[in-house]
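Working notes, beginning with the structure itself.
What follows is calculated from the coordinates using simple rules that are stated; it is not laboratory data. What you see is a predicted model, and the numbers here were worked out from it, not measured in a lab. Reconstructed Cβ throughout: ideal geometry from the backbone, glycine too, with neighbour counts over all protein chains shown.
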Amino acid sequence: MRIEHRGLTDVGQKRSHNEDSFLVNADLGLFVVADGMGGHAGGGTASRIAVEVIERILLDRRAQAGGPFESNEPLASSPLAALLREAVEAASSSIYEHARRDHVLAGMGTTVTALLLHETYAFFGHVGDSRAYLYRDGYLDQITEDHSVVNEQLRAGLITEDEARSSKFKNIITRSVGFEERVLVDVMAVAVEPKDTFILCSDGLTNFVSDEELAAAATLPVEEIPSKLIHLANERGGDDNITVIAVRT
């Protein structure tokens, strides 16, 4: 599978430091966005540990003869979905252990949204409110579901979409990697088609950019997508770190 890709992160207009981390490993087919939380030291440390652990585990397992990367199982039973879950769970344990050993890092955690492309399949591992989108044939689909207070209120019909955008609770997530030793990881998979465009991003983008604008950006050359979207978010306030990865098959 030929993959075009571009990843970019920006501190934004209001923050003094960047707690986001991202990973682009096209050879492995792995792309990860992690939005850390827990203060100047903790958030950046948590997100960095997350991307490093996930990459290391997948690289180790790819090197194993007869491992999940050599499986010929169909999409519904592919072991790569379980492997991605395992990697995010391991990242949670590692972050939790680092925080336990260093009180300065206590309470740190991170979102994780990971994309693994292998042959004709795309696998997603997700915790928190960073997002993964798929743009195909003129339509944009949000693959992941936010683990957030606002999303729970939306699903329950307690607030409208407009109210959600301005809610004072919009940055409160209900699930994160590393805050506790164990975490429940959402895992999804789709069959990949030629010219699919995937966008992974932190909420520093989606708090300011609409789905319609994401869809329009997804039609651009891949190398232009992250900078275009980050520019839009910064123009509108940029009150958080902003990270975007674009991948096209």
Which value in deg cm²/dmol, rounded to the nearest 500, describes the helix-derived mean residue ellipticity at 222 nm for the chain, given -39,500 (n - 2.57) per DSSP H run of n ≥ 4 and division by the residue count?
-10000 deg cm²/dmol
Which value in nm describes the separation of the simple spin-label points at D27 and E4, placed 7 Å from the Cα toward the beta carbon?
2.3
On the formula 1/(1 + (r/R0)^6), with r taken between the Cβ atoms of E119 and Y139 and R0 of 25 Å, the FRET efficiency rounded to 0.05 is 0.60
Can you tell me which lysines have their Cα less than 23 Å from the Cα of K14? Leave out same-chain residues fewer than eight positions away.
K168, K170, K228
Rg ratio (alpha-carbon, reference 2.2 N^0.38 Å) - the range 66-217
1.14
Quote the FRET efficiency, to the nearest 0.05, computed for R155 versus A106 with a Förster distance R0 of 30 Å and r equal to the Cβ-Cβ distance.
0.45
What trypsin sites (Lys or Arg not before Pro) in the range 126-195 are in a loop by DSSP, with at most 13 other Cβ atoms within 10 Å of the Cβ?
K168, R182, K195
If I take R0 = 41 Å and measure r between the Cβ atoms of E193 and F169 in this structure, what FRET efficiency does the formula 1/(1 + (r/R0)^6) give, to the nearest 0.05?
0.65
Loop-resident trypsin sites (Lys or Arg not before Pro) in the range 12-68 with no more than 14 other Cβ atoms inside 10 Å, DSSP not H/G/I/E/B, are K14
